[in-house]
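Below you'll find the structure, written out as structure tokens, and then a few comments.
The values are calculated or read from the model by the stated rules, or taken from the named source; none is laboratory data. Here the structure is a predicted model, which is why all the values come from computation and not from measurement. Here Cβ is always computed from backbone atoms with ideal geometry, including for glycine, and neighbour counts include all displayed protein chains.
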Amino acid sequence: MDSCDNMSLEVNPFAKNISQPFHPFIKWAGGKSRLISQIKNFIPKDFNNYFEPFVGSGALFFYMVKSFKIKREFCAHLSDINSELINVYKTIKDNLTDLIQELQYNEIEYYKNPKRFYYKLRAENFEFNSIKKAARFITLNKTCYNGLYRVNKKDLFNVPIGKYINPKICDFQNLTKVNQIMNLTNTILEDYDYYNITLKIKENDFIYFDPPYHPLNETSKFTNYTSYGFDYNQQKRLANFFYELDKRKCKILLSNSDTTFVRDLYSSFTENIVSLNTLRSINSNSEKRKNHSELIIKNF
């Protein structure tokens, strides 16, 4: 089912099924776990379908499922151009038992010799089936530098190993909860460009855009979640899409960096632009992670 009745956000209906705490199953540059306490205030009170086209770690999706009640099924369309990431979501949803076995194996092998295993696994690109690919993705995410996902122009993951003591590669309990959530709800997973949601979007649908951020300066530039990057022209394309969806009477929420360029792109929504205080989680200098702001832009 690709659509559902109008939603009303109340108390969690899945509480009896999801009794233990859970959290996003990966670390993600720009993930919204730290900002949920602020972003939750901008979630519309009622809407039809939910779309998250730059899903990343899915922090807002998991928050809504954990915290709210939907009159019928929670119809969530989660997508990303990063096919490796969407493969992980699909594997957790459909093949959790096999994934757990692969992660347990990786965890054992990693502890034997972290550096040797990490770089061996990192070098083994595109040689696995979907389950092994998902296990590889999670293992590298849990053990690489700051949980950063970055690829080069050949679309090869190139982040160095991080400094961790006994990282939890196989988080059985949390993965089980994520599996339950995606199977209890009507979660639709797609690996494609965000513009493809045009074919599914309808009036009163809620869309949350969390794209790669416009850089604060050239030295802070980081857009390579895929080999395509996300440059100035991509930011303009997304802004044009935002305006198009607004005309179609969708409810839209968008996160981005607090720069003049971004504010200018969304100048028609100036009254609905809010600045949030946050941390930059991937700067190598801990002091430079503090006292930053980013924008929430909405059309409702």
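Checked against the criterion of being out of contact with any Leu (no Cβ under 7 Å at 6 or more places or on another chain) and either among the aliphatic types (A, V, I, L, M) or free of Cβ contacts under 8 Å to residues at least 40 places away in the same chain (or both), the candidates PHE128, PHE172 yield just one match: PHE128. Filtering ARG122, ARG116 for residues that are basic (Lys, Arg) and touching a residue at least 24 places away in the same chain (Cβ under 8 Å) leaves a single hit, ARG122. For the stretch 97-138, a residue qualifies if it is over 16 Å from VAL159 (Cα atoms), surrounded by fewer than 14 Cβ atoms within 10 Å (Cβ to Cβ) and among the hydroxyl-bearing types (Ser, Thr, Tyr), and the qualifying residues are THR97, TYR111. Only residues that are assigned to a strand (DSSP E or B) and touching a Ser or Thr at 6+ places or on another chain (Cβ under 6 Å) were counted across the stretch 227-276, and they come to 1.
Inspect the stretch 47-66 for any residue being touching a residue at least 24 places away in the same chain (Cβ under 8 Å), out of contact with any helix residue (DSSP H, G or I) (no Cβ under 8 Å at 6 or more places or on another chain), among the charged types (D, E, K, R) and closer than 20 Å to LYS251 by Cβ and give the result as yes or no. No: zero hits. State which residue is surrounded by the fewest Cβ atoms within 10 Å (Cβ to Cβ) when the search covers only the stretch 171-203 and only residues that are in a helix (DSSP H, G or I) and in contact with a Lys or Arg (Cβ under 7 Å, 6 or more places away or on another chain). Ranking the candidates gives ASN183 first. A residue that is modelled with pLDDT under 90 and of a type in the set (A, V, I, L, M, F, W, C) occurs somewhere in the stretch 183-199.
Looking across LEU78, LEU85, one residue alone is outside any loop (DSSP other than H, G, I, E, B), farther than 25 Å from VAL274 by Cα and under 14 Å from the mean Cα position of the chain (by Cα). It is LEU85.
Among residues of the stretch 139-169 being of a type in the set (A, V, I, L, M) and touching a Ser or Thr at 6+ places or on another chain (Cβ under 7 Å), the one that is surrounded by the fewest Cβ atoms within 10 Å (Cβ to Cβ) is ILE161.
So is PHE14 at pLDDT below 50, more than 27 Å from ASN256 (Cβ to Cβ) and in a loop (DSSP other than H, G, I, E, B) or not? Yes. The single condition from (1) of a type outside the set (Phe, Trp, Tyr); (2) under 30 Å from ASN158 (Cα atoms); (3) modelled with pLDDT under 95 that LEU254 fails is (3). If you check LEU96 against the conditions, is it in contact with a strand residue (DSSP E or B) (Cβ under 8 Å, 6 or more places away or on another chain) and closer than 28 Å to PHE61 by Cβ? No. Surrounded by fewer than 17 Cβ atoms within 10 Å (Cβ to Cβ), over 17 Å from the mean Cα position of the chain (by Cα) and modelled with pLDDT of 95 or more: is that true of THR219 in this structure? Here the answer is no, as THR219 does not meet what is asked. Considering every residue within the stretch 116-126, establish whether at least one is assigned to a loop (DSSP other than H, G, I, E, B), of a type in the set (Asp, Glu) and modelled with pLDDT under 95. Among the residues of the stretch 116-126, at least one is assigned to a loop (DSSP other than H, G, I, E, B), of a type in the set (Asp, Glu) and modelled with pLDDT under 95, which makes the answer yes.
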